[in-house]
C-alpha cells in the first residue's frame, strides 16, 4: 500500500505481494515511477552486494537472486520482462512525442 502522504492522483500500475508497488503513475504530472532496478544487468546486484560486504556495511543477501550456496550463479529471470518494459515505455514516449 501507498503511504498516506502520497501525491494526489498517484496510481499503482504494478505491484508485488513481497515488495509492494513496482510501477506507479501520476497522470496529471505526466510522471511514471519505477521502484527497484529492472535496468540492472545480470551481475550488477551481485557486484553491489559484494562491494558493500567488503566495506563491512550492513547488507542482507538479495532474495531470489543467487541460485547456488557459493553465491556465484545469478537467476537473471527479469531480463525479458525488463527489456519489454523499456521497449514499451520508449514506444509510448515516442508515440506521445509525435502526437499519435
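The values are calculated or read from the model by the stated rules, or taken from the named source; none is laboratory data. All values reported here derive from a predicted model rather than from experimental measurement. Here the Cβ is made from the backbone with ideal geometry for all residues, glycine too, and neighbour counts use every protein chain on show.
Inspect all residues belonging to the range 70-79 and state whether any of them is touching a residue at least 40 places away in the same chain (Cβ under 8 Å), assigned to a loop (DSSP other than H, G, I, E, B) and surrounded by 12 or more Cβ atoms within 10 Å (Cβ to Cβ). Yes, the range 70-79 contains at least one residue that is touching a residue at least 40 places away in the same chain (Cβ under 8 Å), assigned to a loop (DSSP other than H, G, I, E, B) and surrounded by 12 or more Cβ atoms within 10 Å (Cβ to Cβ). Report, by residue number, each residue of the range 1-20 that is closer than 27 Å to residue 65 by Cβ, modelled with pLDDT under 85 and surrounded by 12 or more Cβ atoms within 10 Å (Cβ to Cβ). Residue satisfying the conditions is 2 alone. State whether the residues of the range 43-61 include one that is surrounded by 13 or more Cβ atoms within 10 Å (Cβ to Cβ) and in contact (Cβ under 8 Å) with a residue 24 or more places away in the chain. Yes, the range 43-61 has at least one match. Close Cβ contacts (under 7 Å, 6 or more residues apart or on different chains) running from residues in the range 21-39 that are loosely packed, with under 14 Cβ neighbours inside 10 Å to residues that are at pLDDT 90 or above and part of a helix (DSSP H, G or I) comprise 39/82.
Among residues that are over 14 Å from the mean Cα position of the chain (by Cα), in contact (Cβ under 8 Å) with a residue 12 or more places away in the chain and surrounded by 12 or more Cβ atoms within 10 Å (Cβ to Cβ), residue 65 is not included.
Look through the range 22-43, keep the residues that are in contact with a strand residue (DSSP E or B) (Cβ under 8 Å, 6 or more places away or on another chain) and under 23 Å from residue 76 (Cβ atoms), and return whichever of them is modelled with the lowest pLDDT. Only one residue tops the list, namely 36.
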